[in-house]
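Taking it in order: structure first as structure tokens, then the write-up.
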Amino acid sequence: MVLVFAESPRGQIKKTAFEAVTYGKKVADQLGTSCVAVVLGTNAANAGELGKYGASKVLQVADAALNDFDSQTYTAVLADVAKQQGAKVVVLCHTSTGKAIAGRLSVRLGAGLVSGVNSLPETGTFSVRKSVFSGKAIVDYSIKSDVKIVSLMGNAVRPDASGSPVSIENISVSVPAGRIRVKSVKTQEGTVPLPEAEIVVSAGRGMKEPTNWGIVEDLANTLGATTACSRPVADSGWRPHHEHVGQTGIAIRPNLYIAIGISGAIQHLAGVNNSKVIVVINKDAEAPFFKAADYGVVGDLFEVVPRLTEAIKKFKAAH
Amino acid sequence: MKILVCISQTPDTTSKISFSADGRTFNEAGVQFIMNPYDEWYALVRACELRESLGGSVTALNVGPAANETTIRKALAIGADEAVRIDAVPPSSAFVAKQIASFAKDHGFDMILLGKETIDYNGSEVGAMVSEHLDLPYVSYASKLDLNGNTATIEREIEGGVEILEVDLPFVASAAKGMAEQRIPNMRGIMSARTKPLNVVAPVPFEDQVETLKFTLPPAKAGVKLVNPEDMDELVRLLHEEAKAI
Ligand SMILES: Cc1cc2nc3c(=O)[nH]c(=O)nc-3n(C[C@H](O)[C@H](O)[C@H](O)COP(=O)(O)OP(=O)(O)OC[C@H]3O[C@@H](n4cnc5c(N)ncnc54)[C@H](O)[C@@H]3O)c2cc1C
């Protein structure tokens, strides 16, 4: 059986978990077994939907002690569920939650782990692929243990909702007392967090002034995109730190990354070069970013960006 | 306050990455190695700051061969009081975690800090594994860490925001940007690093469950397609029809 931990941060199961269940279902099909999803905590209103993505069963450990995240208690509970259910493969999301659990769970279950995978396993060897060296290389690992753990990179598979919802089965597992006390959570409401965004509009020092960001936001809103920025922009306080992408910021892999007035330094590319499609807008034809781009526009961003926004509005109106 | 900081050595971001013809080994020739930036700038510096205000000691630990001692001496120059090198060429993060845990288990550290991930294998696995081996709480991606008596208040990066939490000593935390500011070792630090203790410890046996099969380089980009800046309708058409990105 393939067990997928469908995380529900702040009471909501999100795209990353749907991706993980889609992936888990494909692995289960390869192995000729079933895919079971597990949800922790009492608030995961949309858990039944996991059936649509391929879970034949959805298990819930409905204990309010699990509503706040503590890697230690989550690991203990997931390990028990995996054992109880006889899981051969455990799939996690490569998110802040998954990263804090994956290593723990591998120690607890004595199971080999590959984190941040972006491919289905090869049948037979169970070899999985991930990107390493900040996107500059790819590696294939084979997991040899009886029980195997992978954490799935966001945007690596398309969620497939062609199945039907299932009912939720409560299971009882003892929940050890946690040692972490969550005091508060502060998140940007109303925007898709960067690691989950399919389209990212990012801008750099070429914007000249923080007050010029209106054209970037207009473009992002028109596309339904999340905004990001280069490091100097975040460092000088032009934009909030959580928008900073790159080696020292966050690494993302959206379907579309639009870079505006960013030179494309190697440390910036380290966080974005796994994006599926890269568009670069820069007035300097020699900017290094063009070497990493799929589409390039050599021009003044203050003219090009509003023009692109208009073109997208026109396109959206026609489609 | 006894703090353990785990440091690893990684190729500098600007290094050209290549592998042996069979894809089994990373070519080290000509590669500039550095201390993993998250370990250095954030975990190590924050540990030194805490020691400076609260007293105690900072131990820097590396699992690696003798060639890593330049990097380890740099940790001493930045401010660690002593260093430990577990003498092995680590084959995996699980191996590294096992070594760290078996060393830490008998030393009564109040806090174990490391970087949020390494910039070579990008796994973010070691901290979690160490915590489980030692049965300690683990806080990943900590961007702020303050201590009040026995209790730490930590800000942890989550998708689109932060979580603020409290945890009592001892614990393990991985450090992200914001926890401290990079420190450049000064002359006094560099001089004193030469005489600070650097103990070499033999590794404990460990059987890996994961085998590295092959490294490859990503396929080269086809090359950029330039679009006339006057004609953004064309860019939109390409993004829709060709790239299927919108
Ligand atoms: C150890 C280390 C880690 C780092 N980590 C990161 C990281 O995580 N993320 C990151 O982003 N950087 C990082 N950096 C910094 C990185 O090296 C670059 O300095 C930075 O990315 C440059 O930001 P930028 O492209 O916005 O600015 P610049 O390099 O100044 O580029 C601005 C660009 O805008 C273009 N431009 C200007 N005006 C216009 C206009 N009117 N129209 C169109 N184009 C215009 C210019 O041609 C230029 O290419 C790191 C550096 C180091 C040393």
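Could you report the buried accessible area between A and B, both sides summed, computed with a 1.4 Å probe and given in Å² to the nearest 100? Don't jump to the answer; show the numbers that get you there.
Numbers: alone 15300 and 14090 Å², together 22270 Å².
Summing both chains' loss of accessible area gives about 7100 Å².
Which distance in nm do the two modelled labels at A:Glu303 and B:Ala66 give, with both placed 7 Å along the Cα-to-Cβ direction?
Label at A:Glu303, label at B:Ala66, 6.4 nm between them.
So for B:Asp22, B:Asp208, what's the accessible-area order with a 1.4 Å probe, most first? Kindly include the intermediate steps, with their values, before the conclusion.
Numbers: B:Asp22 95, B:Asp208 35 Å².
Largest to smallest exposure gives the sequence B:Asp22, B:Asp208.
Given a 1.4 Å probe, how much area per residue of the range A:2-170 is accessible, in Å²?
32 Å²
Using 0.36 nm per residue, how much length does the chain from B:Glu166 to B:Asp12 gain when fully extended, once their Cα-Cα distance is taken away?
52.0 nm is the gain from fully extending B:Glu166 to B:Asp12.
Choose one answer from A:Glu169, A:Glu286, A:Glu49: the residue with the largest mean-square fluctuation in a GNM of chain A with alpha-carbon springs under 10 Å.
A:Glu286
Find the centroid of the Cα atoms in the range B:126-151 and in the range B:1-51, then give the distance between the two in whole Å.
The range B:126-151 and the range B:1-51 have Cα centres separated by 20 Å.
Label-point separation (nm) for A:Lys186 and A:Ala64, each offset 7 Å from Cα along Cα-to-Cβ?
Roughly 2.7 nm, to one decimal.
May I ask you to list the lysines whose Cα is less than 17 Å away from that of A:Lys57, ignoring any residue fewer than eight positions away on the same chain?
A:Lys25, A:Lys26, A:Lys83, A:Lys88
Run down the lysines and flag those whose C-alpha is under 28 Å from the C-alpha of B:Lys74, throwing out any fewer than 8 positions away in its chain.
Once the sequence-local lysines are set aside, what remains near B:Lys74 is A:Lys136, B:Lys2, B:Lys16, B:Lys98, B:Lys105, B:Lys116, B:Lys144, B:Lys177, B:Lys196.
Can you list the aspartates and glutamates whose alpha carbon sits under 14 Å from that of A:Lys99, skipping same-chain ones fewer than 8 residues off?
A:Glu7, A:Asp70, B:Glu117, B:Glu125, B:Glu132, B:Glu157, B:Glu159
For peptide B:94-101, compute the average count of partner chain beta-carbon atoms within 10 Å of each residue's beta-carbon.
1
May I ask what percent, to the nearest 5, of DSSP beta bridges between residues of the range B:2-219 are antiparallel?
Of the beta bridges lying entirely in the range B:2-219, close to 40 percent run antiparallel.
Considering the options A:Val233, A:Phe69, A:Val192, tell which one lies farthest towards the positive end of the dipole of the protein assembly as shown, charges being +1 on Lys and Arg and -1 on Asp and Glu at the Cβ, about the Cα centre.
So the residue we want is A:Phe69.
Taking each residue in B:126-137, count the Cβ atoms of any other chain within 10 Å of its Cβ, then average. What number comes out?
For this peptide, the per-residue mean of nearby foreign Cβ atoms is 6.
Among A:183-190, B:85-92, how do they line up by average Cβ neighbours within 10 Å per residue, starting with the highest?
Put in order of decreasing packing, that is B:85-92, A:183-190.
Can you list the residues, at least 5 places off or on another chain, whose amide H is less than 5 Å from the amide H of B:Lys144, using H built in the peptide plane?
B:Glu155
Would you mind pulling out the separation of the Cα centroids of the range A:217-258 and the range A:1-70, in Å?
Measuring centre to centre over Cα atoms gives 29 Å.
Name the residues of the range B:159-194 whose amide N is less than 18 Å from a point 7 angstrom out from the Cα of B:Glu52 along the C-beta direction?
B:178-193
According to a simple spin-label model (label point 7 Å from Cα along Cα-to-Cβ), what is the distance in nm between A:Lys314 and A:Lys276?
That separation, rounded to one decimal, is 2.6 nm.
State which helices in chain A qualify, where a helix is a whole DSSP H run, it must extend 15 Å or more along its own axis by its Cα atoms, and its mean Kyte-Doolittle hydropathy must be at least -1.0. Provide the component values of the computation, followed by the final result.
Numbers: long enough: A:15-31 (24 Å, -0.29); A:71-85 (21 Å, -0.25); A:96-109 (20 Å, 0.28); A:301-318 (25 Å, 0.33).
Helices meeting the span and hydropathy rule in chain A are A:15-31, A:71-85, A:96-109, A:301-318.
Taking springs between alpha-carbon atoms closer than 10 angstrom, which of A:Arg239, A:Arg253, A:Arg179 fluctuates most in the Gaussian network model of chain A?
Comparing A:Arg239, A:Arg253, A:Arg179 in the GNM, the peak value goes to A:Arg179.
Counting only protein heavy atoms, what percent of the accessible surface of the protein assembly as shown is carbon or sulfur at a 1.4 Å probe?
Heavy-atom surface of the protein assembly as shown belonging to carbon and sulfur, 1.4 Å probe: 50 percent.
Report the residue, chosen from A:Ala197, A:Ala292, A:Ala270, that carries the largest GNM mean-square fluctuation when chain A is represented by alpha-carbon nodes joined by springs under 10 Å.
Maximum among the listed residues: A:Ala292.
Residue by residue, what Karplus-based ³J(HN,Hα) values in Hz, rounded to whole numbers, does the range A:122-131 have, using 6.51, -1.76 and 1.60 with θ = phi - 60° and x for Gly and Pro?
Each residue's phi maps through the Karplus curve to give 6, 5, x, 7, 6, 9, 10, 10, 8, 8 Hz.
Going by average Cβ density within 10 Å per residue, which order do the peptides A:216-223, B:228-235, B:6-13 take, highest to lowest? Let's see the in-between values first.
Numbers: A:216-223: 19.1, B:228-235: 16.9, B:6-13: 22.5.
Going from most to least packed, we get B:6-13, A:216-223, B:228-235.
Using only atoms on other chains, find how many Cβ atoms lie within 10 Å of each Cβ of peptide A:269-277 and report the average.
2
Based on the mean of other beta carbon atoms within 10 Å per residue, what is the order of B:49-59, A:139-149, most packed first?
Descending mean neighbour count gives A:139-149, B:49-59.
Provide the FRET efficiency to the nearest 0.05 for the A:Leu120-B:Ala222 pair, computing r from the beta carbons and using R0 = 22 Å.
Calculated value: 0.30.
Please say if the protein assembly as shown is rounded, prolate or oblate, where rounded means a/c under 1.5 for a ≥ b ≥ c the square roots of the C-alpha gyration tensor eigenvalues, and otherwise the choice is prolate for a/b larger than b/c and oblate otherwise?
Numbers: a/c = 1.55, a/b = 1.16, b/c = 1.34.
Cα axes put the protein assembly as shown in the oblate bin.
Given a 1.4 angstrom probe, what's the average accessible area per residue across the range B:2-219, in square angstrom?
40 Å²
Which ³J(HN,Hα) values, rounded to whole Hz and listed in residue order, are derived for the range B:157-173 from phi using the Karplus coefficients 6.51, -1.76 and 1.60 in 6.51 cos²θ - 1.76 cosθ + 1.60 with θ = phi - 60°, glycine and proline given as x?
So the J values, rounded to whole Hz, are 6, 10, 4, x, x, 9, 10, 10, 9, 10, 8, 8, 5, x, 7, 10, 9.
Once a ≥ b ≥ c are taken as the square roots of the eigenvalues of the Cα gyration tensor of the range A:194-318, is the result rounded (a/c under 1.5), prolate (a/b larger than b/c) or oblate (a/b not larger than b/c)? Spell out each step's value before the answer.
Working: a/c = 1.27, a/b = 1.25, b/c = 1.01.
Rounded, since a/c falls under 1.5.
Put +1 on the Cβ of each Lys and Arg and -1 on the Cβ of each Asp and Glu in chain A; which of A:Phe5, A:Thr95, A:Val201 then has its Cα farthest toward the positive end of the dipole?
Final value for the positive-end residue is A:Phe5.
The values are calculated or read from the model by the stated rules, or taken from the named source; none is laboratory data. On a predicted model such as this, the values are computed, not experimentally measured, just so you know. Virtual Cβ from ideal backbone geometry, glycine too; neighbours counted across all protein chains shown. These area figures cover heavy atoms from the full protein model, side chains too; ligands, DNA and RNA do not enter into them. Shrake-Rupley method; radii C 1.70, N 1.55, O 1.52, S 1.80 Å.
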